[in-house]
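Note sheet for the following structure.
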C-alpha cells in the first residue's frame, strides 16, 4: 500500500501529464472534446505552460513520495503538498464546472488522480479535506459566472432590457403595437451585462438585430424606434407609419446603468 500511495500513483500521474504534454507539442492531445478547448480559453496562460507546471508538481510529488517510502521525511510533508495540489485543482475544476457548458476530460483525469492519491495515502486526511473540496463549489454557486455559450444564435431582434426601466417598457410597447417579434434579454444576466460593458454603453435598452452574418446594435429608445420606422417606410411607400411619441412619455433616451448595470431610473417606475 505504501508503494502504491507514494511511488506508483505519483509516477502514473506524472506519466499522464508527460504524455498529454508530448501530444500537445505534436499538435494533438489526450482529449479532443469541446470541453478541453473551452477549458483552455478560460485560463490566462497557455495551456501548455499549465502542463509544464503540472509536470513540475508531479515530479516534486514523486520525489517526496520516494523520501516518505524510504522513511527520510515525514508522511505529513507529502500529504500537505498533495493537499495543496488538490486545492489548486479544485479551484480550477469548480470554476470550469460553472463557466463551461462542457467539462474537460483531461482536467477531470488530473483531478481524479489527485483525489485517489489522497484517499489511498490517508483516509483520515481525505475526510479532513472534504469540506475544503466542497467549499469552492458552494461558493461559486452563489456567484454569477458567464457561461461560454452564444445568446444571439438565430436571425431576429434581441432586446436587452430591464423590467423596471420605463424606456425599455416604451420600446416593448412599440414593438408589440407594431407586431414586431423580438426576444427579451435581461440586463441583470451576466452575459448581457458583459456585452453592454464591452460596447461601452451606459444606458438601456439595447437592440441587437441579426440578419445572417450581419449584426446591428442600437442603443436608446428613440434610436430603436427610429430604426423600425425607417424600415417600415422603406418596405411600404404607400402607407407611412406614425412614429410612437416617446418624448411625451418619458425624457431622455434610456436608463443610465452603473457598474452593476442596475438601471438608475427603476425608481421612477415604482
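The values are calculated or read from the model by the stated rules, or taken from the named source; none is laboratory data. As the structure is a computational prediction, the values presented were derived from the model and not from experiment. All Cβ positions, glycine included, derive from the backbone under ideal geometry; neighbour counts span all protein chains shown.
Filtering region 160-205 to residues that are under 22 Å from the mean Cα position of the chain (by Cα), in a helix (DSSP H, G or I) and loosely packed, with under 14 Cβ neighbours inside 10 Å leaves 190, 194, 197, 198, 199.
Take the conditions (1) modelled with pLDDT of 85 or more; (2) more than 26 Å from residue 154 (Cβ to Cβ); residue 218 misses just one of them, which is (2). From the list 68, 80, the one residue that fits, being over 18 Å from residue 36 (Cβ atoms) and surrounded by 19 or more Cβ atoms within 10 Å (Cβ to Cβ), is 68.
Here's the yes/no breakdown for (1) out of contact with any strand residue (DSSP E or B) (no Cβ under 8 Å at 6 or more places or on another chain); (2) in contact (Cβ under 8 Å) with a residue 12 or more places away in the chain:
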site: 118; (1), (2): yes, yes
site: 125; (1), (2): yes, yes
site: 153; (1), (2): yes, no
site: 192; (1), (2): no, yes
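Scanning region 25-55 for residues that are modelled with pLDDT under 90, in a helix (DSSP H, G or I) and farther than 27 Å from residue 83 by Cβ returns 34, 37, 38, 41. Determine whether residue 17 is assigned to a helix (DSSP H, G or I) and crowded, with 16+ Cβ neighbours inside 10 Å. Criteria met by residue 17.
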